[in-house]
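A.B. asks: This structure is in structure tokens; I'll ask about it shortly.
The values are calculated or read from the model by the stated rules, or taken from the named source; none is laboratory data. From a predicted model like this one, the values you see are computed outputs, not experimental measurements. Quick reminder, even Gly has a Cβ in these numbers, built from the backbone with ideal geometry, and neighbours come from all protein chains shown.
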Number of protein chains: 2
Amino acid sequence: MAQGTGVVVVGAGLAGLCAARLLADAGVEVTVVEARDRVGGRTERGHTAGGTPIELGGQWVGPTQNRMYELIDELGLETFPTYNTGEIVIRLGGRQMRVASHRGATPRLGPFTLADLAQGLARFDRLASRVDLEAPWQGPDALDLDGETFESWIRRNLRTPLGREYFRVATEAVFSTQSSDLSMLHALFYARSGSGLETLLSTDRGAQQDRVVGGTWLISERLAAGLGDRVRLGVPVRRIEHGEDTGVVVRTTAGDGGDGEAFTARRVIVTLPPTLAGRIDYAPALPSWRDQLTQRLPAGSVIKVYAVYDEPFWRADGLNGQAASDEGPVKVVFDNSPPDGDPGILVGFMEGADGRAFARRSHSERMDATVACFARYFGTKALHPVEYIERDWMAEPHSRGCYGAHFTPGVWTGFGQALRAPIGPIHWAGAECAPVWNGYMEGAVRSGEQAAREVLALL
Amino acid sequence: MAQGTGVVVVGAGLAGLCAARLLADAGVEVTVVEARDRVGGRTERGHTAGGTPIELGGQWVGPTQNRMYELIDELGLETFPTYNTGEIVIRLGGRQMRVASHRGATPRLGPFTLADLAQGLARFDRLASRVDLEAPWQGPDALDLDGETFESWIRRNLRTPLGREYFRVATEAVFSTQSSDLSMLHALFYARSGSGLETLLSTDRGAQQDRVVGGTWLISERLAAGLGDRVRLGVPVRRIEHGEDTGVVVRTTAGDGGDGEAFTARRVIVTLPPTLAGRIDYAPALPSWRDQLTQRLPAGSVIKVYAVYDEPFWRADGLNGQAASDEGPVKVVFDNSPPDGDPGILVGFMEGADGRAFARRSHSERMDATVACFARYFGTKALHPVEYIERDWMAEPHSRGCYGAHFTPGVWTGFGQALRAPIGPIHWAGAECAPVWNGYMEGAVRSGEQAAREVLALL
């Protein structure tokens, strides 16, 4: 095997680009190989027909995401607050109501439901506060919590139908999958990793607080510009040959499906989501615990949908353009207009079972269903957008789902130790590897930088 | 894309070989491409140092596995009964006892435990009897049952510690994974698919009733002999190019990791376990529902361990060489001696968490742990085998786990319809696709033949 000198980074998303930047700044020869013909991974550049930038992928930042705010600043970018003036539309059990937009405001749900919800949230937070972010498989309750789904915990701990629905909608909004699909331990880990369930769900002082002027993909584009020709696009990795002392050969697929270019290096950082990392052909084959982990971290199911209007008409009605509903297919909505409010843009998400069902339908069926949901929340003006835009992340061959992967029951306790453990010269990074802000852009940045430091110490 | 004439079958396990045989008998041009340098898939040829054949993989057949018995007969092979004379050793909660070997015999466990167990088994069987094998996602309780793990059902429905332990050991023995890891709906589907939980666990009139003289791999070897040079070994498939009207090009990897041979055909039957099928590069990319399914069907975790003795000494003690225990790492043991009982052979299984933990240890640690378990069940004579043999199926690059894949919570209801649905000219088969005897050799045979008939009707 050829002895390379530097480091190959697989994937030019935020994790890969931040890893490469740190290595390049330290004087290490680094090459980023990216399957797509663009950088950014699960963030992606989009525009309305009128030229307004819209994010097809990840878009929000919020408090305690310190590395993201620093990075945005360093790169000469700016943030602006997500539109949050006016009331949110909440729809639960067929009843629609308006709720104040500040954090902690409660919908009018009746005393039994509110007490049930308060008790359920307190119990959830108490359990979450005990999870060890670096090692969720530790702790006296880990096996118990990892032995059940979030859904079965909800059924046992919430007594009212609407209390249960609240948790289910929250699961879909945060994980883009059903409460049936994930481990209770993972739900707790993830909430704590992102500063608590309420933070994950909030705009006011929460994970949806701020946006990036011009679009989040600019972060990756500027990072890539700084790396210059170290970033190679359109080179899907299909095989990694590795040895403890001999370094790595990273082989790619050419445009015609045959052999592409090969890259040699001393070490490689693979930043793909674990499932996709498991689809690379490793020679020699990876140990069983690593491979079996990659069989057990499925990506969420989400289609991001946009409707563009001449103006943000909901604002005049005292609404902030946000909705949360237990009736789909679009259960979560935000005002995603540019800072000047021209044009008015609503963004929504078909998540979990809704995303899976609507992935099988036509573009026009998805558009009709989207505007019907928007009209249900904000009135009939929503029925006639000037443009409809969508991105099905499940169909993207190099993501195969969003927002991120979730741990199914038994996986944290059975395989958690394999998540970040390097295999010889192969290191792992990406949003799914992050102890803090797992699954978010912040987690991707932190994880990429962490892996780069790990590699630097070994070069 | 070149227009092929016949059918390519990916994988020379039982499903692939049976599919190919049916197609060849119908006069169709067929090529079987197999990654390994042998046929048989999850069945594999082995021998003791003294030359006695032993199965490194799948080995038992039992009542209602009609296609397997017919196939064994057609190929000129014979079965013999698994050794079942004498008592079974049962170890639960630190207490070891001997139990009669006929089906339905109950261990002496105290009236509360026995009543609990009887009630739990009856409830399980009642639920299982309502599962629709062709469409487990249908039925009024499907969403509820698919929303929880088998483990949380056990906790709620069994009241005694030993009653719970019984179900957990049964899960490990049948699924080679923990009760935490799988959907309750899947546990019920699988039990019904194999004629009931008691059948899956039994030797007497159960799934472990009979063995094949000479070894089960002979079935695949004889099927392959009949197919002659239609079977190509050592050609791992890495890419399938496909179109509705233009057929398929199946591209393989050469020994040096570069481009190998390409095979063209009108249709392809992929018989790999779903996870491994998902690792092939499809062009164009497969629809999201198919891809996301393959992210959600992890393989079980098992190491098969053998100890060979001069004679089956346990028989003289009135024991049949079978053990079931809640104390590992080897919790399930059988007498696997040849028909004449010379030499004496014990076979055991490190399953689920035990398999995962011991996969990280050394060969000699696994050997020591194995003989220590055998000695605990059958006495100190077990401490000194003449030979120890093992096969870690998680480490096998072309299986990546055994016995089969399990559905995690939410997957049957969310993705079940994608399991067997062809994508244009690509058809799916294998033990995991079978409605009847899912996960067993019988299921593999039935599924392969079913896929071949499906393709025949379309050629």
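A.B. asks: Looking only at region A:77-86, which residues are under 20 Å from residue A:315 (Cα atoms) and in a loop (DSSP other than H, G, I, E, B)?
C.D. replies: Of everything in region A:77-86, those that are under 20 Å from residue A:315 (Cα atoms) and in a loop (DSSP other than H, G, I, E, B) turn out to be A:82, A:83, A:84, A:85, A:86.
A.B. asks: Related question: Could you please find all residues in region B:420-436 being crowded, with 22+ Cβ neighbours inside 10 Å and within 18 Å of the chain's Cα centre (by Cα)?
C.D. replies: B:428, B:429, B:430, B:431, B:432, B:433, B:434
A.B. asks: Working only within region B:262-298, note down all residues that are over 29 Å from residue A:414 (Cβ atoms) and under 23 Å from the mean Cα position of the chain (by Cα).
C.D. replies: Hit for region B:262-298 is B:269, nothing else.
A.B. asks: If you take the residues in region A:144-170 that are within 11 Å of chain B (Cβ to nearest Cβ) and touching a residue at least 60 places away in the same chain (Cβ under 8 Å), which one is nearest to the chain's Cα centre (by Cα)?
C.D. replies: For region A:144-170, the residue satisfying everything is A:168.
A.B. asks: Which members of region B:178-192 meet the condition of being more than 12 Å from residue B:436 (Cβ to Cβ) and either in contact with a strand residue (DSSP E or B) (Cβ under 8 Å, 6 or more places away or on another chain) or assigned to a helix (DSSP H, G or I) (or both)? Give the derivation first.
C.D. replies: Our first condition is that a residue be more than 12 Å from residue B:436 (Cβ to Cβ); within region B:178-192, this holds for B:178-188, B:191.
The answer is B:179, B:180, B:181, B:182, B:183, B:184, B:185, B:186, B:187, B:188, B:191.
A.B. asks: I'm trying to understand the selection: among the residues of region A:394-405, which are facing chain B (nearest Cβ under 7 Å) and out of contact with any helix residue (DSSP H, G or I) (no Cβ under 7 Å at 6 or more places or on another chain)? It would help to see each step written out before you state the result.
C.D. replies: Residues of region A:394-405 facing chain B (nearest Cβ under 7 Å): A:394-395, A:397, A:400-401.
Correct list: A:397 only.
A.B. asks: Is at least one residue of region A:200-217 surrounded by 23 or more Cβ atoms within 10 Å (Cβ to Cβ), within 14 Å of chain B (Cβ to nearest Cβ), closer than 20 Å to residue A:125 by Cα and not basic (Lys, Arg)?
C.D. replies: Within region A:200-217, not a single residue is surrounded by 23 or more Cβ atoms within 10 Å (Cβ to Cβ), within 14 Å of chain B (Cβ to nearest Cβ), closer than 20 Å to residue A:125 by Cα and not basic (Lys, Arg).
A.B. asks: Among A:180, A:193, which is the only one that is among the hydroxyl-bearing types (Ser, Thr, Tyr) and within 14 Å of chain B (Cβ to nearest Cβ)?
C.D. replies: The unique qualifying residue is A:180.
A.B. asks: When the residues of region B:242-273 are narrowed to those that are closer than 19 Å to residue B:400 by Cα and facing another protein chain (nearest Cβ under 10 Å), which ends up modelled with the highest pLDDT?
C.D. replies: Only one residue fits best here, namely B:273.
A.B. asks: Going by the structure shown, is residue A:300 within 12 Å of another protein chain (Cβ to nearest Cβ) and on the phi > 0 side of the Ramachandran plot?
C.D. replies: no
A.B. asks: Can you tell me which of A:123, A:130 is under 20 Å from residue B:148 (Cβ atoms), away from chain B (no Cβ under 11 Å) and surrounded by fewer than 18 Cβ atoms within 10 Å (Cβ to Cβ)?
C.D. replies: Residue meeting the stated conditions: A:123.
A.B. asks: Now a separate question. Can you tell me which residue among B:291, B:317 is away from every other protein chain (no Cβ under 14 Å) and of a type outside the set (S, T, N, Q)?
C.D. replies: Result of the check over B:291, B:317: B:317.
A.B. asks: Given the residues A:413, A:408, which is the only one that is in contact with a helix residue (DSSP H, G or I) (Cβ under 6 Å, 6 or more places away or on another chain), within 14 Å of chain B (Cβ to nearest Cβ) and among the polar types (S, T, N, Q)?
C.D. replies: The conditions single out A:413.
A.B. asks: Which condition number in (1) farther than 18 Å from residue B:38 by Cα; (2) surrounded by fewer than 21 Cβ atoms within 10 Å (Cβ to Cβ); (3) out of contact with any Asp or Glu (no Cβ under 8 Å at 6 or more places or on another chain) is the one that residue B:268 fails?
C.D. replies: Result: residue B:268 passes all but (2).
A.B. asks: May I pose another question? Restricting to region B:377-418, what's the tally of residues that are surrounded by fewer than 18 Cβ atoms within 10 Å (Cβ to Cβ), outside any loop (DSSP other than H, G, I, E, B) and of a type outside the set (Val, Ile, Thr)?
C.D. replies: Selection size over region B:377-418: 6.
A.B. asks: Another question, then. Return the only residue of A:279, A:239, A:232, A:222 being modelled with pLDDT of 95 or more, within 14 Å of chain B (Cβ to nearest Cβ) and either more than 21 Å from residue A:433 (Cα to Cα) or surrounded by fewer than 18 Cβ atoms within 10 Å (Cβ to Cβ) (or both).
C.D. replies: Numbers: A:279 fails: either more than 21 Å from residue A:433 (Cα to Cα) or surrounded by fewer than 18 Cβ atoms within 10 Å (Cβ to Cβ) (or both); A:232 fails: within 14 Å of chain B (Cβ to nearest Cβ); A:222 fails: within 14 Å of chain B (Cβ to nearest Cβ).
On inspection, the qualifying residue turns out to be A:239.
A.B. asks: Filter region B:282-316 down to residues that are out of contact with any Gly (no Cβ under 9 Å at 6 or more places or on another chain) and buried (at least 24 other Cβ atoms within 10 Å of the Cβ), then give me how many there are.
C.D. replies: Residues flagged as out of contact with any Gly (no Cβ under 9 Å at 6 or more places or on another chain) and buried (at least 24 other Cβ atoms within 10 Å of the Cβ) within region B:282-316 amount to 0.
A.B. asks: Taking the conditions exactly as written (within 30 Å of residue A:289 (Cα to Cα), touching a strand residue (DSSP E or B) at 6+ places or on another chain (Cβ under 7 Å) and outside the structural domain of residue A:131 (by TED's automatic domain parsing)), does residue A:388 satisfy them or not?
C.D. replies: Against the criterion (within 30 Å of residue A:289 (Cα to Cα), touching a strand residue (DSSP E or B) at 6+ places or on another chain (Cβ under 7 Å) and outside the structural domain of residue A:131 (by TED's automatic domain parsing)), residue A:388 does not qualify.
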